[in-house]
Amino acid sequence: MAKILYLMRHGQTLFNILHKNQGICDSPLTQQGIADAKRVHEYLRQNNIIFDHAYTSTQERAIDTLELVTDQPYQRLKRLKEWNFGFLEGESQRLNPPFDSKLGSVGDGYVKYGGDSADAVQKRMVKTLTNIMIQKGHQRVLVVGHGASIYLFLKNWIPLDELLNHIELRNCAILKFSFDDETKKFTYLETINVN
């Protein structure tokens, strides 16, 4: 039986609405974010999708989303946190470094502001999610995380053109992957948007 990872972005937050950077800083879920997470809960129940393990980043918006999606026990992991945007945390997204379409990210654009590089976040996410999935008894796993760090994880496994043109990572979207224990590789299967 193939191992399956359900990698979910947190629900909509106040900073999402205000178009403010929200990496390591936090803001609360909106009423829409709460309602969307409850819809995901109902979708999982109706489709009899039960997880043997659940994980979330240590940030409030991800924890709150997970607790609305499932009432099962879960573990918080700091290594699932969002990209650190440095001094641009909490600032308008209009101030962000330019997106490089060849890289599919801003690369090292946040480093000069005291933040993380895209490569560092990508490596952290790949390592953390691999370490979760290689564990025994981890056949169907839910992980709730953040848009930018999930995007960089996904960028490791699928062609950039497909990512930029065919995958929409909305709040409460779930990216479904299979995981091969032998090769330690993830295969993107589908995006589930119930909202």
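The values are calculated or read from the model by the stated rules, or taken from the named source; none is laboratory data. Please read all numbers here as calculations on a predicted model, not as lab measurements. As a convention, Cβ positions derive from the backbone with ideal geometry for all residues, glycine included, and neighbour counts pool all protein chains shown. For accessibility, only protein heavy atoms count, side chains too; no ligands or nucleic acids. Shrake-Rupley method; radii C 1.70, N 1.55, O 1.52, S 1.80 Å.
Here are the numbers for the structure shown:
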{"read-out": "The range 113-135 - residue that is outside any loop (DSSP other than H, G, I, E, B) and among the charged types (D, E, K, R) and, of those, nearest to S57 (Cα to Cα)", "value": "R124"}
{"read-out": "Residue count, the range 158-188 (criterion: among the hydrophobic types (A, V, I, L, M, F, W, C) and at pLDDT below 95)", "value": "6"}
{"read-out": "Where a residue in the range 77-101 is without any contact (Cβ under 8 Å) to a residue 24 or more places away in the chain and its partner, wherever it lies, is in a loop (DSSP other than H, G, I, E, B), with Cβ under 7 Å and at least six apart", "value": "K78/T58; P97/V106; P97/G109; P97/Y110; P98/V106; F99/V106; D100/V106; D100/G107"}
{"read-out": "Matching residues in the range 171-192 - criterion: being out of contact with any strand residue (DSSP E or B) (no Cβ under 6 Å at 6 or more places or on another chain) and exposed (fewer than 15 other Cβ atoms within 10 Å of the Cβ)", "value": "D180, D181, E182, T183, K184, K185"}
{"read-out": "Flag if V144 is touching a strand residue (DSSP E or B) at 6+ places or on another chain (Cβ under 6 Å) and open to solvent by less than 10 Å² (accessible area, probe 1.4 Å)", "value": "yes"}
{"read-out": "Qualifying residue in the range 14-31 (condition: loosely packed, with under 14 Cβ neighbours inside 10 Å, at pLDDT below 95 and of a type in the set (A, V, I, L, M, F, W, C))", "value": "no"}
{"read-out": "Scan of the range 26-58 for residues that are touching a helix residue (DSSP H, G or I) at 6+ places or on another chain (Cβ under 8 Å) and more than 14 Å from T70 (Cβ to Cβ), ordered by number", "value": "D26, S27, P28, L29, T30, G33, I34, S57, T58"}
{"read-out": "Unmet criterion (only one of (1) part of a strand (DSSP E or B); (2) closer than 16 Å to C172 by Cβ) for V141", "value": "(2)"}
{"read-out": "Hey, Y6 among the aromatic types (F, W, Y) and within 15 Å of the chain's Cα centre (by Cα) or not", "value": "yes"}
{"read-out": "Positions within the range 74-108 being open to solvent by less than 60 Å² (accessible area, probe 1.4 Å) and of a type in the set (A, V, I, L, M), in sequence order", "value": "L77, L80, L88, V106"}
{"read-out": "Selection within the range 109-129 - in contact (Cβ under 8 Å) with a residue 24 or more places away in the chain and open to solvent by less than 20 Å² (accessible area, probe 1.4 Å)", "value": "Y110, G115, A118, V121, M125, T128, L129"}
{"read-out": "Hey, T70 more than 18 Å from M125 (Cβ to Cβ), of a type in the set (S, T, Y) and open to solvent by less than 50 Å² (accessible area, probe 1.4 Å) or not", "value": "yes"}
